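Here is the structure we will look at.
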């Protein structure tokens, strides 16, 4: 009698194991397709880290992720989302190229039952399922406040704000945050265009700095490419590390090194790999019928005391 019970239990366990094996096999065969769409440029170092997060998620889950970069081209970005809708995507993860530019295409996706998760650049005008990334207005405010609190700028000073793409969502939102601190203090500023090509960025920034050096009291880099070019620009123009205070984005090895070497006072980490990974995870969750109902806000402003940690993360050597 006892042996019979043991045999029955063994058969039950084997049946469960076979069932699990079959379920897992079916799951692998039924891999879903997600689209990851960036307004960034494929040559932008920080977007390689965002892309790495998407690729890692695909490898870990067995789902397919179709990625594309659109270098600030709004019509191309919109068309990529419509292509995802036409292909019957299980979910879409996208940055926002311009405020309000994705209202219609995201509405089309939602009407088709496709969840759309916004990453990197938030846009409250669009009916996304969720957002994963930094709060650009808060980042801008924090950068300006850091400069004020650390006596790097004062009333009457002029701050230069180079940005890769004028009018893009991230620059507009960052400037909004900066202005909320600087305007009441009478600190003036100017946003200048630097393009998405790093060689051209260095040329344009060097020319501007050469022409306006005596008037510039501080710099806030409104993009990773411009902040990551500070050392090259300073060296080219003959500005010593620390001579002009700098804060801005810090999602690249160029900038972590600039912070460690004193060219940049503080830089903003945005968790690029984690942003893509979490964005796709939330899209998959929504595709399974579990509404997110929350956003995930990332980011940390680091100085030389913490820069080595982020340098290690970007080099893949952090433990």
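The values are calculated or read from the model by the stated rules, or taken from the named source; none is laboratory data. Fair warning: this is a prediction, and the values are worked out from it, not measured in the lab. Here the Cβ is made from the backbone with ideal geometry for all residues, glycine too, and neighbour counts use every protein chain on show.
Looking across segment 246-255 at every residue that is assigned to a helix (DSSP H, G or I) and touching a residue at least 60 places away in the same chain (Cβ under 8 Å), the one that is surrounded by the fewest Cβ atoms within 10 Å (Cβ to Cβ) is identified as 253.
Condition first: assigned by TED's automatic domain parsing to the domain that holds residue 213 and in a loop (DSSP other than H, G, I, E, B). Can you find one or more residues in segment 111-119 that meet it? The answer is no, given that none of the residues of segment 111-119 is assigned by TED's automatic domain parsing to the domain that holds residue 213 and in a loop (DSSP other than H, G, I, E, B). Within segment 89-117, the set of residues being at pLDDT 95 or above and out of contact with any strand residue (DSSP E or B) (no Cβ under 9 Å at 6 or more places or on another chain) comprises 101, 103, 104, 107, 108, 111, 112, 113. One residue alone among 243, 258 is farther than 23 Å from residue 315 by Cβ and either assigned to a helix (DSSP H, G or I) or modelled with pLDDT of 95 or more (or both), and that residue is 243. Selection over segment 287-300 of residues that are in contact with a helix residue (DSSP H, G or I) (Cβ under 7 Å, 6 or more places away or on another chain) and surrounded by fewer than 16 Cβ atoms within 10 Å (Cβ to Cβ) gives a count of 0. Scanning segment 264-286 turns up no residue that is surrounded by fewer than 21 Cβ atoms within 10 Å (Cβ to Cβ) and not in a helix (DSSP H, G or I). Could you tell me whether any residue of segment 89-103 is free of Cβ contacts under 8 Å to residues at least 24 places away in the same chain and surrounded by fewer than 24 Cβ atoms within 10 Å (Cβ to Cβ)? No, there is no match, as no residue in segment 89-103 is free of Cβ contacts under 8 Å to residues at least 24 places away in the same chain and surrounded by fewer than 24 Cβ atoms within 10 Å (Cβ to Cβ).
Contact annotation: residue pairs with Cβ atoms under 6 Å, 6 or more positions apart or on different chains, pairing a residue in segment 64-78 that is within 10 Å of residue 35 (Cβ to Cβ) with a partner that is part of a strand (DSSP E or B), are 64/33; 65/34; 65/36; 66/35; 67/36; 68/37. Within segment 268-292, being more than 14 Å from the chain's Cα centre (by Cα) and in contact (Cβ under 8 Å) with a residue 12 or more places away in the chain holds for 281, 282, 283, 284, 286, 287, 291, 292. For residue 304, the test of being in contact (Cβ under 8 Å) with a residue 24 or more places away in the chain and either over 19 Å from residue 53 (Cα atoms) or surrounded by fewer than 18 Cβ atoms within 10 Å (Cβ to Cβ) (or both) is passed.
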